[in-house]
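The values are calculated or read from the model by the stated rules, or taken from the named source; none is laboratory data. Quick caveat, the model's predicted, so the values are computed rather than measured. All Cβ positions, glycine included, derive from the backbone under ideal geometry; neighbour counts span all protein chains shown. The area values use the complete protein model at the heavy-atom level, side chains included, leaving out ligands, DNA and RNA. Shrake-Rupley method; radii C 1.70, N 1.55, O 1.52, S 1.80 Å.
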Amino acid sequence: MSGWQQHLIIAPIIIPLVAGALLLFFDERQRVVKAMISVVSSLALVAIAISLFRLASNGHDSFEGVYLLGNWPAPFGIVLVVDRLSALMLVLASILAIPTLVFALARWHTAGAHFHSLFQFLLMGLNGAFLTGDLFNLFVFFEVMLAASYGLLMHGSGSMRVKAGMHYIAVNLAAALCFLIGVSAIYGSAGTLNMADLAVRIGEIEGERRMLLEAGAGILGVVFLIKAGMWPLNFWLPGAYSAATAPVAGIFAIMSKVGIYVILRLSLLVFGQGESAGLGLNVLLYGGMATIAFGTIGVLASQALGRLASYSVLVSSGTLLAVLGLSNGQVTAGALFYMVSSTLTIAAFFLLIELVERGQDAGALVLAVTMEAYGDADEEEEEVEIGVTMPGTIAVLGICFAACGILLSGLPPLSGFVAKFAMLSGMIGMNAQWEGPIPASTWWIVGLLILSGLAALISMTRAGIRTFWASMEGTVPRVLVVEMAPVMLLIALTLTLTIKAGPAMSYMEETVRTLQQPSSYIDAVINARRAGVEKAGGPDGGGGI
């Protein structure tokens with residue numbers, strides 16, 4: 001391979017693997033050392049992910065986007081691939097890891113054993129799932145991610161976490177079994193598990209072999225829909241996410257997007273053309289709408305903030321699934337923007353809930369118009385006192401809570417509104433792609449998106465009043481800077497996404513365009529240059545991603 005940049009592709013897997021293994025050799029009492037190693041590893045991941053993002057988006061001449069492990073050519077060897085979509089997911093995962101990890105350093109990383117190792121192994125599994133170019137290694141990284149998430153979910157102990165963790169483990173073990181069955185069926189019919197090679201061979205498969213292939217793809221789809229949280233396969237998600245500790249729930253916000261990523265990748269790369277084109281799109285469309293409706297009802301019904309955030313995850317997943325089912329390029333570009341915005345928002349909300357609920361009735365100080373309410377002021381002071389005195393901590397928490405409410409509701413001017421506007425504008429005909437009347441299913445999605453935003457607004461307003469305004473007793477929660485800063489950082493990232501919405505949408509649109517024309521991905525993988533071996537077309541032969 002040419003260029004040192006090529007070796008950056010494997011770094012997002014190697015760095016957390018080495019860091020997680022190294023951390024196992026340190027005693028739990030060496031908390032500072034373990035925290036420093038974990039933070040340095042996560043910062044290195046951010047730097048490398050951003051570098052890969054720039055290389056993939058700028059089309060660097062010496063960067064082919066393909067890494068051949070063991071120098072074996074595709075489809076015989078393990079292949080890692082970086083294109084615009086996988087680079088986007090790497091950046092999102094690595095950036096999300098920093099605030100959640102910093103938040104955990106305040107208290108949660110000491111609540112159980114091997115937190116930092118599990119956290120790094122989770123990042124390894126996530127990055128590997130985004131980078132792998134074949135289905136079997138997708139299963140391997142999928143299992144690494146899940147194994148780490150088992151320990152993280154039950155981190156901090158407690159009967160509620162253990163109960164939710166056991167349900168979570170049982171569901172995902174069943175999903176892993178289905179994953180193996182689906183992969184076996186695909187290999188038995190196509191003779192390959194390399195995604196690019198599978199995209200080439202699928203046109204040659206006929207008759208019973210094609211039926212077996214589609215059956216295997218359907219079983220795989222069930223696995224990814226379980227992870228994405230599509231109704232009715234999402235019964236495990238609200239309980240698991242609401243029971244997890246705040247930093248764990250924060251990083252879990254991206255785990256449901258792994259299923260979305262794989263579905264988008266395979267639907268356009270393998271099942272984008274030929275006799276199997278559009279396989280399962282109706283399931284995504286109607287299942288996504290059902291998930292939005294279910295999540296919306298859950299959001300309205302939730303009294304606990306943790307449950308509200310968990311059902312918001314379902315609304316986000318349902319929106320993405322329904323939009324993917326439309327198979328419209330402009331709408332899909334808006335969905336990618338929405339995915340980034342909603343993931344950052346939900347992660348910030350999970351972290352914020354921990355701080356808000358710490359005081360429970362912290363709103364007492366907001367309503368206290370006189371110091372007499374606390375029994376340490378006289379009547380003269382009462383006459384002098386004018387207005388409401390709001391402590392700084394409550395003010396900051398309230399502002400962050402309001403920002404999360406605006407983002408989840410899709411109200412202007414933040415990125416949640418930009419994302420929904422981009423999707424809705426594509427659906428209702430502000431482009432030249434529609435021929436004839438807009439399908440009724442599209443109008444149903446439009447209505448559900450609007451209703452889900454209204455439900456989020458009602459629920460967040462109700463929760464905000466109950467938390468910051470209606471309570472008459474309580475104390476200001478003790479919030480550390482190391483806990484508040486991650487929440488503010490995530491919200492600041494959504495603000496940055498709003499300001500840079502134009503370039504961001506251009507990137508998303510170009511990403512969808514390349515996904516819909518997978519020839520560059522296929523050529524880059526199949527014709528990837530082995531070290532010390534020239535391509536058939538010479539030094540400049542083949543194509544990058």
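In segment 449-456, is there at least one residue being within 29 Å of residue 288 (Cβ to Cβ) and either at pLDDT below 90 or among the β-branched types (Val, Ile, Thr) (or both)? Yes. If you check every pair at least six apart or on different chains, which have Cβ atoms under 8 Å apart with a residue in segment 60-71 that is under 12 Å from residue 8 (Cβ atoms) and small (Gly, Ala, Ser) first and a residue that is modelled with pLDDT of 65 or more and part of a loop (DSSP other than H, G, I, E, B) second? Cβ pairs passing all conditions: 65/82; 65/83; 65/545.
The residues in segment 476-495 that are of a type outside the set (A, V, I, L, M, F, W, C), open to solvent by less than 40 Å² (accessible area, probe 1.4 Å) and closer than 16 Å to residue 107 by Cα can be counted, and the count is 3. For segment 459-541, the helices (runs of 4 or more DSSP H) that sit wholly inside it and include 2 or more residues that are at pLDDT 85 or above and closer than 29 Å to residue 70 by Cα are 501-516, 519-526.
Can you give me the number of residues within segment 399-412 that are open to solvent by less than 20 Å² (accessible area, probe 1.4 Å) and touching a residue at least 60 places away in the same chain (Cβ under 8 Å)?
The first filter runs over segment 399-412 and keeps only residues open to solvent by less than 20 Å² (accessible area, probe 1.4 Å), leaving 400-401, 403-405, 407, 409-410.
The next check asks that each one be touching a residue at least 60 places away in the same chain (Cβ under 8 Å); those that pass are 400-401, 403-404, 407.
Residues in segment 399-412 being open to solvent by less than 20 Å² (accessible area, probe 1.4 Å) and touching a residue at least 60 places away in the same chain (Cβ under 8 Å): 5 in total.
Could you tell me which numbered condition residue 266 fails, if it satisfies all but one of (1) in contact with a Phe, Trp or Tyr (Cβ under 6 Å, 6 or more places away or on another chain); (2) more than 15 Å from residue 318 (Cα to Cα); (3) of a type outside the set (Lys, Arg); (4) assigned to a helix (DSSP H, G or I)? Every listed condition holds for residue 266 apart from (1). Scanning segment 151-198 for residues that are among the hydroxyl-bearing types (Ser, Thr, Tyr), open to solvent by less than 10 Å² (accessible area, probe 1.4 Å) and in a helix (DSSP H, G or I) yields 168, 189. Of everything in segment 42-93 that's open to solvent by 10 Å² or more (accessible area, probe 1.4 Å), within 26 Å of residue 333 (Cβ to Cβ) and of a type in the set (Ser, Thr, Tyr), which residue is modelled with the lowest pLDDT? Result: 57. Scanning segment 97-126 for residues that are open to solvent by less than 30 Å² (accessible area, probe 1.4 Å), within 14 Å of residue 17 (Cα to Cα) and of a type in the set (A, V, I, L, M) returns 122, 123, 124, 126. Kindly provide the set of residues from segment 184-232 that are modelled with pLDDT under 85, farther than 24 Å from residue 525 by Cα and not charged (D, E, K, R), ordered by number. Scanning segment 184-232 gives a single hit, 207. For residue 241, the conditions (1) within 30 Å of residue 483 (Cα to Cα); (2) over 16 Å from the mean Cα position of the chain (by Cα); (3) hydroxyl-bearing (Ser, Thr, Tyr) all hold with the exception of (2).
Taking the numbered list (1) at pLDDT below 85; (2) more than 30 Å from residue 350 (Cα to Cα) in turn, residue 157 passes all entries but (2). Checking the structure you have, find out if any residue of segment 287-307 is among the aromatic types (Phe, Trp, Tyr), in contact with a Phe, Trp or Tyr (Cβ under 9 Å, 6 or more places away or on another chain), in contact (Cβ under 8 Å) with a residue 24 or more places away in the chain and within 15 Å of residue 405 (Cβ to Cβ). Checked segment 287-307: no residue is among the aromatic types (Phe, Trp, Tyr), in contact with a Phe, Trp or Tyr (Cβ under 9 Å, 6 or more places away or on another chain), in contact (Cβ under 8 Å) with a residue 24 or more places away in the chain and within 15 Å of residue 405 (Cβ to Cβ). The listed residues are 203, 221, 239, 216, and the only one of them that is open to solvent by 50 Å² or more (accessible area, probe 1.4 Å) and either without any contact (Cβ under 8 Å) to a residue 12 or more places away in the chain or assigned to a helix (DSSP H, G or I) (or both) turns out to be 203.
All of (1) open to solvent by 10 Å² or more (accessible area, probe 1.4 Å); (2) assigned to a helix (DSSP H, G or I); (3) touching a Ser or Thr at 6+ places or on another chain (Cβ under 7 Å) hold for residue 230 with one exception: (2). The residues in segment 94-145 that are more than 30 Å from residue 187 (Cα to Cα) and part of a helix (DSSP H, G or I) can be counted, and the count is 20.
Take the conditions open to solvent by less than 10 Å² (accessible area, probe 1.4 Å), closer than 16 Å to residue 233 by Cα and within 23 Å of the chain's Cα centre (by Cα) and apply them to residue 258. Does it pass? Here the answer is yes, as residue 258 does meet what is asked. Can you tell which of 148, 129 is crowded, with 20+ Cβ neighbours inside 10 Å, free of Cβ contacts under 8 Å to residues at least 40 places away in the same chain and touching a Phe, Trp or Tyr at 6+ places or on another chain (Cβ under 6 Å)? That would be 148, the only listed residue that is crowded, with 20+ Cβ neighbours inside 10 Å, free of Cβ contacts under 8 Å to residues at least 40 places away in the same chain and touching a Phe, Trp or Tyr at 6+ places or on another chain (Cβ under 6 Å).
Could you tell me whether segment 19-26 includes any residue that is open to solvent by 30 Å² or more (accessible area, probe 1.4 Å), over 22 Å from residue 137 (Cα atoms) and assigned to a helix (DSSP H, G or I)? Among the residues of segment 19-26, at least one is open to solvent by 30 Å² or more (accessible area, probe 1.4 Å), over 22 Å from residue 137 (Cα atoms) and assigned to a helix (DSSP H, G or I), which makes the answer yes.
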